[in-house]
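In what follows, a single structure is set out as structure tokens and then discussed.
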Amino acid sequence: MIEVRNITKTFGGLVAVDNCSLDVGAGTITGMIGPNGAGKSTLFNIIAGFLPPSSGQILLDGKDVTNLPPHKRFELGMVRTFQVPSELARMTALENLMLVPGQQSGESLINAWFRPGRVRADEARTRQRAEEVLQTLEMTHVRNELAGNLSGGQKKLLEIGRTMMTPAKVVLLDEPGAGVNRTLMGKITEVIRRLNREHGYTFCIIEHDMDLIAELCDPVIVMTQGSVLTQGTMDEIRRNEDVLEAYFGGGAAAAADADA
Amino acid sequence: MAGIIEYAMFTLCLIGIYGILALGLNIQWGLTGLFNIGVAAFFAVGAYTSGILTGPPSEAHLGGFAMPLLVGMLGAIVTSGILALLVGLITLNLRADYLAIASIGIAEIVRLFLKTEGWLTGGVRGMEIGRPFEDWLGGNFTLNFLIFTIIVVAIVYVLLEIARRAPWGRVLRSIRENEDATMAAGKSVLAFRLQAFVLGSCVMGLAGAMYAHFFGFLSPEAFRPMLATFLVWVMLIAGGSGNNKGALIGALVIWLIWSGTEFATGLLPADLSTRAGSLRILLIGILLEIILVTRPEGLLSEAGERKRQIAREKRRAGEET
């Protein structure tokens, strides 16, 4: 689905992503873990088109998208969320969702002024879709609340809801579980799994919460220092000494062995 | 009595013209968050375009071509739109503060251009245009112009309100709230910002044409930043940024205060009266501070408008079931 080919990104002298190559297979929920500063978010930004790579290629469905701006990648079915909730604060939850679908006729001024009937019909459809998404997320009661007034967890849900408004093929989630309580986390996990199974969405998830990764993701890719350290199922990763080494530094693996 | 009515109608005409300016700025700042502090440039370009197109033939400057009023207004919209397109293409890709710097620069360039390029504009001696419909409805120009202004304001308001409520306006507000999230929702942020900037400037150009025909005379001094940019900003912020009704209310309230203080300082002895002019500017500044501290959303807020809209939708849904 997504192929990352020899991507390197440097900021001045700092190498954030170092000749990194990886695949996100169609239909998978691929997890991406690694210590802070491993380059996960930078790589995400490059995949989604928010940062240009210094070198390398991004392929989406075999098509080179390296030089396409974010909205073009969106049209090809790639959607992302942000690590920091990026809700549209002074717009309602419903409006946050209704914004998303592409090619709305009312986004053209000419249509808005001269084809009101068509725009209204289009809006009714968009609204219905948004209401359905809110229902799935159990957020119907806050539909008319300003998104800025929602709780942190609701903002996260809303962000996932926005990806549900699209005919997305692949969704990049940047820490969907950060700052979310257990109950809500369960809800988010459930929504992701359902979208994957019932709608065939491919997911690529950055997350620090290992429970969420263990529950959802296969395969899991481990990144350190800007490139892929290893890849496998969560069980394999757990047994991998290099991973412990990367996370906890020298001697951690030995200590873990001693514990076991 | 007749004098008071005449004065009231005169004031309302000006409020209408400023209202159109504030509506234009509301698209740019209120909806999209574009920091245009060069309102005067687009206002002036519109005014002079319409003046050249409709004015009587003159040796002193280009034209006039004595064309119909509507041609002049259309021309004003087109030229100010083209100027906005050129400025926008260069600056809108940059960070927000650069637009502010560029726009204030453009406004000054336009004003100096009007002053020095006499072959085109008549320079500092100004441009005689003549006034339209002097001989309608018993020949009261001010009344006729007021009716005309009300019609134009109504048309502009309705068109912009439709645009604001449409998905088009929703994308603009989304850009204002969070540019990255809007990009992630697949919108071409640059294209929408450009549209908002150009449309807002077209509206400002239209206001310029109205201004030109209202006074029948133009000079570069009318387009100083204080009157043609700063006052419009105060109107929009005071009235309610993001709310078209607020823009119009703001124009009304601020213009009344502005001209009211002119009247009040006129009553002072001559030596104080001249100095009081600066005090009026200070007063407007203080007023803006007070509004921002006590009612930052303005007299009619965007949030209030939304609440009413949601209530309307609920009523409609209630009727259907």
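Values quoted throughout were computed directly from the atomic coordinates according to the rules given, and no laboratory measurement underlies them. If you're wondering where the values come from, they're calculated on a predicted model, not measured in any experiment. Cβ placement follows ideal geometry from the backbone for every residue including glycine, while neighbour counts extend to all protein chains displayed.
Shielding by partners for peptide A:66-78, expressed as the average number of C-beta atoms from other protein chains within 10 Å of each residue's C-beta, is 3.
Going by neighbour counts of Cβ atoms within 10 Å, the residues B:MET67, B:MET127 line up, fewest first, as B:MET67, B:MET127. For the range A:1-89, the Kirkwood hydrodynamic radius comes to 13.7 Å, computed from all pairs of different C-alpha atoms. The Stokes-Einstein estimate for the range B:13-320, based on a Kirkwood radius over Cα pairs and taken at 4 °C with 1.567 mPa s viscosity, is a diffusion coefficient of 64 µm²/s. Positive end of the dipole of the range B:13-320 (Cβ unit charges, origin at the Cα centre): among B:THR116, B:SER174, B:GLY205, the Cα lying farthest that way belongs to B:SER174. Computed over the range B:202-266, the alpha-carbon pair-distance distribution with 10 angstrom bins reads 19, 46, 32, 3, each value a whole percent. Quick note on the range B:58-106: its Rg to Rh ratio, both from C-alpha atoms and Rh being the Kirkwood radius, is 1.18. Here the dipole of the range B:13-320 is about 800 debye; that uses its Cα centre as origin and unit charges on the Cβ of Lys and Arg (positive) and Asp and Glu (negative).
Here the protein assembly as shown is assigned +1 on the Cβ of each Lys and Arg and -1 on the Cβ of each Asp and Glu. Its dipole about the Cα centre then comes out at about 1460 debye. Compute the Kirkwood hydrodynamic radius of the range A:195-254, taking the inverse of the mean of 1/r over all pairs of distinct Cα atoms, and give it in Å to one decimal. The answer is 12.7 Å. Once you keep just the Cα pairs under 8 angstrom separated by 6 or more residues, what percentage relative contact order results for chain B? For chain B, the relative contact order is 29 percent. With a simple spin-label model that places each label point 7 Å from the Cα along the Cα-to-Cβ direction, the separation between B:ASP271 and A:HIS199 comes to 7.8 nm.
Applied to the range A:50-65, the Karplus parametrisation 6.51 cos²θ - 1.76 cosθ + 1.60 on θ = phi - 60° returns per-residue 3J(HN,Hα) values of 8, 9, x, x, 6, 7, x, 9, 10, 10, 10, 6, x, 9, 6, 10 Hz, with x for Gly and Pro. Counting only aspartates and glutamates at least 8 places from B:LYS187 when in the same chain, those with an alpha carbon closer than 12 Å to its own are A:GLU75, A:GLU107, B:GLU179.
Within the listed set B:GLY260, B:GLY19, B:GLY64, the residue fluctuating most in the Gaussian network model of chain B (springs between alpha-carbon atoms under 10 angstrom) is B:GLY260. Provide the FRET efficiency to the nearest 0.05 for the A:ILE110-B:ILE147 pair, computing r from the beta carbons and using R0 = 25 Å. Efficiency, rounded to the nearest 0.05: 0.30. Inter-chain Cβ neighbour count for A:87-94, averaged per residue, equals 5 (cutoff 10 Å, partner chain atoms only).
Of the residues B:SER278, A:GLY27, B:LEU143, the one whose Cα sits farthest towards the positive end of the charge dipole of the protein assembly as shown is B:LEU143 (charges of +1 on Lys and Arg Cβ, -1 on Asp and Glu Cβ, taken about the Cα centre).
What is the ratio of the Cα radius of gyration of the range B:107-229 to 2.2 N^0.38 Å, where N is its residue count, to two decimals?
1.40
Here the simple spin-label model places points 7 Å from the Cα toward Cβ, and for B:LEU288 and B:SER58 these points are separated by 3.2 nm. What number does chain A give for Rg over Rh if you use C-alpha atoms and the Kirkwood radius? Rg divided by Rh gives 1.01. Would you please state which residues of the range B:208-246 a label at B:ARG125 would reach in this model, taking the label point 7 Å out along Cα→Cβ and a backbone N cut-off of under 19 Å? Residues passing the 19 Å test: B:216-222.
So what is the relative contact order of chain A, in percent, for Cα pairs below 8 Å that sit 6 or more residues apart? For chain A, the relative contact order is 27 percent. Efficiency by 1/(1 + (r/R0)^6): what FRET value for B:LYS314 and A:MET210, r their Cβ-Cβ distance, R0 = 56 Å, to the nearest 0.05? The calculated FRET efficiency here is 0.80.
Restricting the calculation to Cα atoms, the range B:128-188 shows an Rg/Rh of 1.36 when the hydrodynamic-style radius is the Kirkwood one. Applying the Kirkwood pairwise sum to the alpha-carbon positions of the protein assembly as shown produces a hydrodynamic radius of 26.9 angstrom. Using R0 = 25 Å, the C-beta based FRET efficiency linking B:PHE133 and B:SER219 works out to 0.65.
The three principal axes of the Cα atoms in the range A:24-163 give end-to-end lengths of 47, 35, 28 Å, sorted in falling order.
For the range A:4-97, the relative contact order is 25 percent, taking Cα pairs closer than 8 Å that sit 6 or more residues apart in sequence and dividing their mean separation by the residue count. Listed cross-link partners A:LYS187/B:LYS307; A:LYS40/A:LYS156; A:LYS155/A:LYS187; A:LYS156/A:LYS187 are compared with a 21 Å cut-off, the Cα-Cα value being larger for A:LYS187/B:LYS307. For the range A:124-260, the alpha carbon convex hull comes to 134 Å³ per residue, rounded to a whole number. Each DSSP beta bridge with both residues in the protein assembly as shown is either parallel or antiparallel, and the antiparallel ones are about 60%.
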